[in-house]
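The values are calculated or read from the model by the stated rules, or taken from the named source; none is laboratory data. Just so it is clear, the model here is predicted, and its values are computed rather than measured. FYI the Cβ positions are ideal-geometry reconstructions off the backbone, even for glycines, and counts take in every protein chain you see.
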Amino acid sequence: MSRPADLEHYKAGMVLSGAGDALGYRNQLWEYNESGPAIHQELQELGGLKNITVQLPDWPVSDDTVLHLATAEALATGKEGEDLLHEVASRYVEGMKDMEGRKPGPSSILGVSQLRPGTEGGYRIAYNPEGTGCGAAMRSMCIGLRYPQPEQLTSLVSVAVETGRMTHPHPTGFLGAVASALFTAYAIQRRPITMWGLGLVKEACPIAKELVRSAGYAVPETERDWGYFTEKWQWYLELRGLSSGTGPVVFPERYGPAERDEAYKSFSLSGWAGRSGHDAPMIALDALLGAGSNWEELMSRAGFHGGDSDSTAVIACCCWGLMYGMDGVPECNYTNLEYRDRLENSAEKLYTLSH
């Protein structure tokens with residue numbers, strides 16, 4: 001991982017995010033399977049990861065990649081400020097027309113239905129106390145590709161907060177967008193993974209809170225519901241020995257598919273692992289910490305578990321590609337991936353804009 005992130009890393013990040021999504025989703029079969037051991041059994045029956053050819057009709061991307069592309073292609077226009085937010089909103093509206101068989105979540109459907117791109121403030125929706133899901137987290141990795149430098153942190157957080165709130169105005173939801181965007185920026189910066197969680201809690205979340213206040217939109221509700229996200233992240237960092245950002249990472253002695261299912265449930269809001277804005281990036285980070293540069297191990301941890309496996313994989317695989325490129329990834333896992341061209345094109349444009 002020593003060499004700086006270049007265009008090939010950007011492309012790998014975007015393409016592997018789609019591949020991880022398609023693999024974790026398995027055309028609805030694995031996203032809704034609550035047993036990691038059962039998924040691993042089915043994976044073995046398919047001949048293992050290196051024998052899976054990710055292509056239509058059996059391995060489509062889910063709503064995660066469709067909406068990630070919507071965010072990426074909006075950012076790739078180079079627009080900024082309100083112009084960018086209207087552009088994102090309009091692409092979310094467009095993206096929702098491409099959801100046949102992709103299973104978008106309720107907050108994403110509801111939120112996008114309320115967007116009015118092009119009208120004043122039309123990228124904002126009413127506060128939704130239920131908007132805690134992972135829909136904002138799973139589509140925001142590309143924001144870190146657009147604003148990858150430490151000095152761009154405020155821009156990154158601002159875009160993540162405002163685009164996240166388009167469907168998930170609850171902080172547990174939209175702070176997930178901040179986490180995903182931040183982690184890809186950290187991957188590009190080559191920041192040690194042991195420091196990512198601390199940076200989220202100590203650097204990015206305070207900026208997000210300030211931005212919410214200065215935007216003056218749904219402030220009392222947002223502040224009332226703020227605590228859960230950061231408290232749960234502090235709990236996780238303590239659990240893994242990362243409260244000071246140095247490590248060493250503490251994993252349980254036995255941490256196979258069954259043990260991970262139990263652990264991931266303990267991260268979750270309501271027992272459905274990876275379903276919320278705080279725990280989809282948390283499981284992604286947990287997988288990255290445990291897998292190192294091993295693609296199969298990453299997918300085992302981030303993509304093949306009980307719960308919302310495509311949403312955790314889409315985040316983890318984007319970060320992994322930015323760090324390690326395509327090294328060790330079987331070509332059949334991505335060569336014929338649905339929307340591969342769009343993922344690569346947006347990677348190229350974001351790379352150019354960020355340099």
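Out of the residues in the stretch 257-280 that are more than 12 Å from ASP308 (Cβ to Cβ) and in contact (Cβ under 8 Å) with a residue 24 or more places away in the chain, which is surrounded by the fewest Cβ atoms within 10 Å (Cβ to Cβ)? Break it down stepwise before answering.
Narrowing the stretch 257-280 to residues more than 12 Å from ASP308 (Cβ to Cβ): 257-263, 266, 278.
Right, trim to in contact (Cβ under 8 Å) with a residue 24 or more places away in the chain and you get 257-258, 260-261, 278.
Numbers: PRO257: 19, ALA258: 15, ARG260: 27, ASP261: 19, HIS278: 26.
Looking at residues that are more than 12 Å from ASP308 (Cβ to Cβ) and in contact (Cβ under 8 Å) with a residue 24 or more places away in the chain, I get ALA258.
Look at TYR255 and say whether it is aromatic (Phe, Trp, Tyr) and assigned to a helix (DSSP H, G or I).
no
Based on what the data block shows, is VAL250 farther than 30 Å from GLY78 by Cα, without any contact (Cβ under 8 Å) to a residue 60 or more places away in the chain and either touching a strand residue (DSSP E or B) at 6+ places or on another chain (Cβ under 8 Å) or among the β-branched types (Val, Ile, Thr) (or both)? Let's see the steps before the verdict.
Working: farther than 30 Å from GLY78 by Cα: yes; without any contact (Cβ under 8 Å) to a residue 60 or more places away in the chain: yes; either touching a strand residue (DSSP E or B) at 6+ places or on another chain (Cβ under 8 Å) or among the β-branched types (Val, Ile, Thr) (or both): yes.
Considered against the rule, which asks whether it is farther than 30 Å from GLY78 by Cα, without any contact (Cβ under 8 Å) to a residue 60 or more places away in the chain and either touching a strand residue (DSSP E or B) at 6+ places or on another chain (Cβ under 8 Å) or among the β-branched types (Val, Ile, Thr) (or both), VAL250 comes out as yes.
Any residue at all in the stretch 264-278 that is assigned to a helix (DSSP H, G or I) and more than 28 Å from HIS168 (Cβ to Cβ)? Give the steps one after another, and end with the answer.
Within the stretch 264-278, the subset assigned to a helix (DSSP H, G or I) is 264-267.
The next check asks that each one be more than 28 Å from HIS168 (Cβ to Cβ); those that pass are none.
Checked the stretch 264-278: no residue is assigned to a helix (DSSP H, G or I) and more than 28 Å from HIS168 (Cβ to Cβ).
TYR186 is checked against (1) over 14 Å from LEU237 (Cβ atoms); (2) in contact with a Ser or Thr (Cβ under 6 Å, 6 or more places away or on another chain); (3) not polar (S, T, N, Q) and fails just one. What number does that condition carry?
Checking TYR186 against (1) over 14 Å from LEU237 (Cβ atoms); (2) in contact with a Ser or Thr (Cβ under 6 Å, 6 or more places away or on another chain); (3) not polar (S, T, N, Q), the one that fails is (2).
So GLY135 passes all but one of these: (1) touching a residue at least 60 places away in the same chain (Cβ under 8 Å); (2) within 22 Å of THR312 (Cα to Cα); (3) in contact with a Ser or Thr (Cβ under 8 Å, 6 or more places away or on another chain); (4) assigned to a helix (DSSP H, G or I). Which condition number does it fail?
Tallying (1) touching a residue at least 60 places away in the same chain (Cβ under 8 Å); (2) within 22 Å of THR312 (Cα to Cα); (3) in contact with a Ser or Thr (Cβ under 8 Å, 6 or more places away or on another chain); (4) assigned to a helix (DSSP H, G or I), GLY135 fails exactly one: (4).
Mind listing just one residue for me: the one in the stretch 213-233 that is in contact (Cβ under 8 Å) with a residue 60 or more places away in the chain and assigned to a loop (DSSP other than H, G, I, E, B) and, of those, farthest from GLU162 (Cα to Cα)? Spell out how you get there, then give the answer.
So in the stretch 213-233, the residues in contact (Cβ under 8 Å) with a residue 60 or more places away in the chain come out as 217-218, 221-222, 225.
Pick out the ones that are also assigned to a loop (DSSP other than H, G, I, E, B) and you get 217-218, 225.
Details: TYR217: 10, ALA218: 12, ASP225: 17 Å.
Only one residue tops the list, namely ASP225.
Determine whether the stretch 311-334 contains at least one residue that is more than 25 Å from GLY274 (Cβ to Cβ), in contact (Cβ under 8 Å) with a residue 60 or more places away in the chain and touching a Phe, Trp or Tyr at 6+ places or on another chain (Cβ under 6 Å).
no
Does TYR236 count as under 15 Å from LEU288 (Cα atoms) and not in a loop (DSSP other than H, G, I, E, B)? Write out each step before concluding.
Numbers: under 15 Å from LEU288 (Cα atoms): yes; not in a loop (DSSP other than H, G, I, E, B): yes.
Spelling it out, TYR236 is indeed under 15 Å from LEU288 (Cα atoms) and not in a loop (DSSP other than H, G, I, E, B).
Only one of these is assigned to a helix (DSSP H, G or I) and either in contact (Cβ under 8 Å) with a residue 40 or more places away in the chain or not charged (D, E, K, R) (or both): ALA126, ALA160. Name it.
Values: ALA126 fails: assigned to a helix (DSSP H, G or I).
Checking each option against the conditions leaves just ALA160.
Just to be sure before I move on: is VAL54 in a helix (DSSP H, G or I), modelled with pLDDT of 95 or more and either of a type in the set (A, V, I, L, M, F, W, C) or in contact with a His (Cβ under 7 Å, 6 or more places away or on another chain) (or both) in the structure I sent?
On the way: in a helix (DSSP H, G or I): no; modelled with pLDDT of 95 or more: yes; either of a type in the set (A, V, I, L, M, F, W, C) or in contact with a His (Cβ under 7 Å, 6 or more places away or on another chain) (or both): yes.
Answer is no for this residue.
Report yes if GLY306 is under 22 Å from ASN33 (Cα atoms) and assigned to a loop (DSSP other than H, G, I, E, B), otherwise no.
Details: under 22 Å from ASN33 (Cα atoms): yes; assigned to a loop (DSSP other than H, G, I, E, B): yes.
So GLY306 passes the test.
May I ask you to verify whether MET299 is more than 18 Å from TRP196 (Cα to Cα), surrounded by fewer than 24 Cβ atoms within 10 Å (Cβ to Cβ) and touching a residue at least 24 places away in the same chain (Cβ under 8 Å)?
Details: more than 18 Å from TRP196 (Cα to Cα): yes; surrounded by fewer than 24 Cβ atoms within 10 Å (Cβ to Cβ): no; touching a residue at least 24 places away in the same chain (Cβ under 8 Å): yes.
No, not satisfied.
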